[in-house]
Amino acid sequence: MIETLPSVGAAARIPESHVDLVTRPVHAVLTTLLPDGQPQSSLVWIDFDGECVRVNTTRGRQKGRDMAADPRVSLLVVDPDDTSRYIQVRGRVELVEDGAIEHLDALTRRYTRHPAYYGHVFPLEQAARETRVICRIHPERVTLDAIHR
């Protein structure tokens, strides 16, 4: 059984029953829309700022270009400990450059054993060639498994 939480106006919330899925280091699948309207999905690292689920990318990567052109996205997070438990967040993305490197480094520490992204996970010289952005997903519709524990 699937439960879709009704939106209040244009906003929905991440329910307490599933907030652990966006606050633990669980990989998520982000789906954006290509210029021709086709969906494109990427495995991403996430965190949650209390309002929005956040992803980090560059303006030059496909998902960054997609979100700049069309901010509608879907994010799916499946509980690795119980794959029948999940949350899907559909909404619109706000792209924020301010603090994006610090956010990326925080995600890197959360998902890996490395202290920073550039120079550890990815070549340091690549940092100067990329414009990082925090992708804040403003939830408009949240769908959950209906099994609440």
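Along the charge dipole of the chain, pointing to its positive end and built from +1/-1 on Cβ of Lys, Arg, Asp and Glu, which listed residue (VAL55, TYR117, VAL78) has its Cα farthest out?
In the chain, that residue is TYR117.
Counting other C-beta atoms within 10 Å, and keeping those with at most 16, which DSSP coil trypsin sites (Lys or Arg not before Pro) do you find in the stretch 77-146?
Taking the stretch 77-146 and a limit of 16 other Cβ atoms within 10 Å, the loop trypsin sites (Lys or Arg not before Pro) found are ARG113.
What is the distance in Å between the Cα centroid of the stretch 79-149 and that of the stretch 42-67?
Using only Cα atoms, the two centres lie 5 Å from each other.
With a cap of 14 neighbouring Cβ atoms within 10 Å, and only residues DSSP puts in a loop, list the GluC sites (Glu not before Pro) found in the stretch 3-97.
Sites meeting the loop and neighbour criteria: GLU51, GLU97.
In the stretch 30-149, carbon and sulfur make up what percent of the accessible area (probe 1.4 Å)?
50
Roughly how many Å² of ASP36 are accessible to a 1.4 Å probe, to the nearest 10?
ASP36 has an accessible surface of roughly 120 Å² with all protein chains in place.
Compute the label zone of ARG59 within the stretch 82-117: residues whose backbone N is under 20 Å from the point 7 Å along Cα-to-Cβ.
93-105, by backbone N distance to the label point.
Give me the number: length gained by fully extending LEU76 to LEU124, i.e. 0.36 nm times residue separation minus the C-alpha to C-alpha distance, one decimal in nm.
Details: separation 48, 0.36 × 48 = 17.28 nm, distance 3.04 nm.
Working it through step by step, the gained length comes to 14.2 nm.
The values are calculated or read from the model by the stated rules, or taken from the named source; none is laboratory data. Quantities reported herein were computed from a predicted structural model and do not represent experimental measurements. All Cβ positions, glycine included, derive from the backbone under ideal geometry; neighbour counts span all protein chains shown. Only protein heavy atoms, including side chains, enter the accessible area calculation; ligands, DNA and RNA are left aside. Shrake-Rupley method; radii C 1.70, N 1.55, O 1.52, S 1.80 Å.
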